[in-house]
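**Student:** The structure that follows is given in the form of C-alpha cells.
The values are calculated or read from the model by the stated rules, or taken from the named source; none is laboratory data. As the structure is a prediction and not an experimental result, all values here were calculated from the model. Cβ placement follows ideal geometry from the backbone for every residue including glycine, while neighbour counts extend to all protein chains displayed. Side chains included, ligands, DNA and RNA excluded: accessible areas come from the protein's heavy atoms. Shrake-Rupley method; radii C 1.70, N 1.55, O 1.52, S 1.80 Å.
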Amino acid sequence: MTTRIRSAHYVGELNNFTQMPGYSHKDAGQECGPCSLLGKECRHFTAALRERASYDDILGMHRHFARSLGVSVVVDGSKYVTWLRRAIEQQSADPTNRAPVNVIVTARNPIAFAISHRNRTGEPLWRGAGIWRDTYVDALRTVNTYGLPHMVVRYEDYMARPERSLERLAGFLHLPLDSQSDTTRIHDTGGNWSSFVPYVGKEQLEGYIRRLDGPGRAEAEDFIRHARAYWNDEKPREDTRWRGGLEAGEVNAVLSTPGLTDLASVLGYNVAEVVHAAVRDEPAKPREPMPATEQ
C-alpha cells in the first residue's frame, strides 16, 4: 500500500519479527520477505537487528526502521490488537515519547473471512464469524479508548478502486501520493507470500520455494497451494472464492453471531449486498399446482 507514498513504508508484521510469545507464527517473518525471495541480503532487516529487536520497545523499532528506510511514517502490519495496546502502554510509560500513533483498520467482509478461516483450519463457519466479530470489537474499542486517529480500509473497496483507497490513505497520513509505484524499495517481514508476486514475479517466488529443504519446503508449498490461482505479475487479483459459495443456511450460521451484522455496518459494509453475493444460485423449483376446490 505504500509503494506510491514515498515518505511512508510498510514494514510487515513486526509481532512475527520479534517472535512475541503467543502472538507470532513460530520461526516465520524473521527476515525481509522480498529480499529473501530474490536471494539478497537485506540491509534493513538484518541478523543483528533481529537479535536486539524486542516487543518490549515497539516504538523504538519503528524509529529504527524510519531512520534506516529514510521515511517519516512506518506502517506496522501486525494483526493483533494486543500488539497495538502494548505499543500505546510503552508510549504512556515514557513521558518523553510523543511519536504520533495512527491506526489503519483493515477489514474483509465477515462471510469471506469465515469461509477463508474454515478452508484454512477446517473449523465451522460460526467459529470464524466469532473471531471476526471479537477482533473488530477489540480494535474499535481500543482506538476509541485511547483516542487514536484511525481509518477503515476495506479489502473489497481497495480491490475495486485501488486509486481511491490510496488517495484516502495518503490523505490520512498527510503525505503526497506519487503517480507511479516504486517497487524497488520493498522491504518487509511479509505475511502472505502471494502478495509479493506483483513486485518480485512468480518465477522468483517459485525459485525460492525450490531452494527450501525438508519440512520448510513442504510447509511453504502448503501455505501457497490455494493462492497460486491468484498469482499475477501485473497487479493483485481479488480473491472472489467466497462469492456464490454458501447455501442460505450457511450464511445464517455466520450472520446469527450476536452483534456481527451491526459491527459489519459500523465498518461500512452493506450486509444485504454481501449476503446476496455470498448465497449460491440455485435453480428455481417448479411450483406445484394448486389443489382444485369445489364450487
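**Student:** Please go through segment 104-124 and give me each residue that is out of contact with any strand residue (DSSP E or B) (no Cβ under 8 Å at 6 or more places or on another chain) and not charged (D, E, K, R), ordered by number.
**Tutor:** Within segment 104-124, 110, 112, 113, 114, 116, 117, 119, 121, 122, 124 meet the criteria.
**Student:** Scan segment 47-77 for residues that are in contact with a Ser or Thr (Cβ under 9 Å, 6 or more places away or on another chain) and β-branched (Val, Ile, Thr) and jot them down.
**Tutor:** If the condition is that a residue be in contact with a Ser or Thr (Cβ under 9 Å, 6 or more places away or on another chain) and β-branched (Val, Ile, Thr), then 58, 71, 73, 75 are the ones that fit.
**Student:** Continuing with this model, one more query. Can you tell me which residue is farthest from residue 173 (Cα to Cα) among those in segment 60-72 that are open to solvent by less than 30 Å² (accessible area, probe 1.4 Å) and under 21 Å from the mean Cα position of the chain (by Cα)?
**Tutor:** 61
**Student:** Applying the selection to segment 127-163, what residues are open to solvent by 70 Å² or more (accessible area, probe 1.4 Å) and farther than 26 Å from residue 239 by Cα?
**Tutor:** Result: 141, 144, 145, 146.
**Student:** As an exercise: evaluate residue 218 against (1) open to solvent by less than 80 Å² (accessible area, probe 1.4 Å); (2) modelled with pLDDT of 95 or more; (3) in contact with a Leu (Cβ under 9 Å, 6 or more places away or on another chain) and give the number of the one condition it does not meet.
**Tutor:** Unmet condition: (2).
**Student:** Could you please let me know if residue 36 is of a type outside the set (Lys, Arg), surrounded by fewer than 18 Cβ atoms within 10 Å (Cβ to Cβ) and touching a residue at least 40 places away in the same chain (Cβ under 8 Å)?
**Tutor:** Criteria not met by residue 36.
Yes or no, residue by residue, for (1) surrounded by 13 or more Cβ atoms within 10 Å (Cβ to Cβ); (2) in contact with a Lys or Arg (Cβ under 9 Å, 6 or more places away or on another chain); (3) among the small types (Gly, Ala, Ser):
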{"position": "165", "(1), (2), (3)": "yes, yes, yes"}
{"position": "173", "(1), (2), (3)": "yes, no, no"}
{"position": "208", "(1), (2), (3)": "yes, no, no"}
{"position": "222", "(1), (2), (3)": "no, no, no"}
{"position": "226", "(1), (2), (3)": "yes, yes, no"}
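**Student:** Collect the residues in segment 222-253 that are part of a helix (DSSP H, G or I) and within 20 Å of the chain's Cα centre (by Cα), keeping them in residue-number order.
**Tutor:** 222, 223, 224, 228, 229, 230
Condition check ((1) open to solvent by 20 Å² or more (accessible area, probe 1.4 Å); (2) at pLDDT below 95; (3) closer than 30 Å to residue 206 by Cβ; (4) assigned to a strand (DSSP E or B)) across all residues:
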residue: 50; (1), (2), (3), (4): yes, yes, yes, no
residue: 74; (1), (2), (3), (4): yes, no, no, yes
residue: 79; (1), (2), (3), (4): yes, yes, yes, no
residue: 106; (1), (2), (3), (4): yes, no, yes, yes
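**Student:** Right, next: For segment 240-259, give me each residue that is in contact (Cβ under 8 Å) with a residue 60 or more places away in the chain, open to solvent by less than 40 Å² (accessible area, probe 1.4 Å), farther than 13 Å from residue 108 by Cα and not hydroxyl-bearing (Ser, Thr, Tyr).
**Tutor:** The answer is 245, 246, 251, 253, 254.
**Student:** Also, I was wondering about something else. Given the condition polar (S, T, N, Q) and out of contact with any helix residue (DSSP H, G or I) (no Cβ under 8 Å at 6 or more places or on another chain), answer yes or no: does some residue in segment 20-42 qualify?
**Tutor:** no
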